[in-house]
Amino acid sequence: MSNNIKIVSRLSRKAKINILIVIFLVFIAVAVLTSINQIKDIVERREELVELKERLNWYRNENIELLAQEKSLYEEEAIELEARKQFNMTTGEETNVSVILEDNAPKEDTESVSKSYKEEYQDYDLWENIRIFYYNEIENN
């Protein structure tokens, strides 16, 4: 008699359906969690894109201001002002004066002065010490 009994499955039909539903729900949960991460990444990238667009607009506005400033330099007054500052140029009846200071002392005198100054550095006279240093450097070269 025991040979006539055939076991088809150990689980009932209801248990099989419940297992399939649980597997399906786990699959849905995994899919939702992965999609939430993807949505989060998309939102973060959009925020970053908005920030980059704002920075780009700021740099464009700054470039426009710099171009306007550059063009204003090409006006006659700005060109004249820069020529006066950088190249010491004049306009019209103005005269350019330069002062040239010459040292009339003979070379031998400066050498003797520098030799005499070698031992006379003073704590309170900075300019004299610089002059002594200068003459000593000339002598060494």
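The values are calculated or read from the model by the stated rules, or taken from the named source; none is laboratory data. Every value quoted in this text rests on a predicted model; they were computed, and no experiment measured them. Ideal geometry is used to build each Cβ from the backbone, glycine not excepted, and the neighbour counts take in all protein chains shown.
Any residue in the range 90-112 that is surrounded by 10 or more Cβ atoms within 10 Å (Cβ to Cβ), modelled with pLDDT of 75 or more and assigned to a loop (DSSP other than H, G, I, E, B)? Looking for residues that are surrounded by 10 or more Cβ atoms within 10 Å (Cβ to Cβ), modelled with pLDDT of 75 or more and assigned to a loop (DSSP other than H, G, I, E, B), one finds at least one in the range 90-112, hence yes. Against the list (1) under 30 Å from the mean Cα position of the chain (by Cα); (2) modelled with pLDDT of 90 or more, the condition Gln86 fails is (2).
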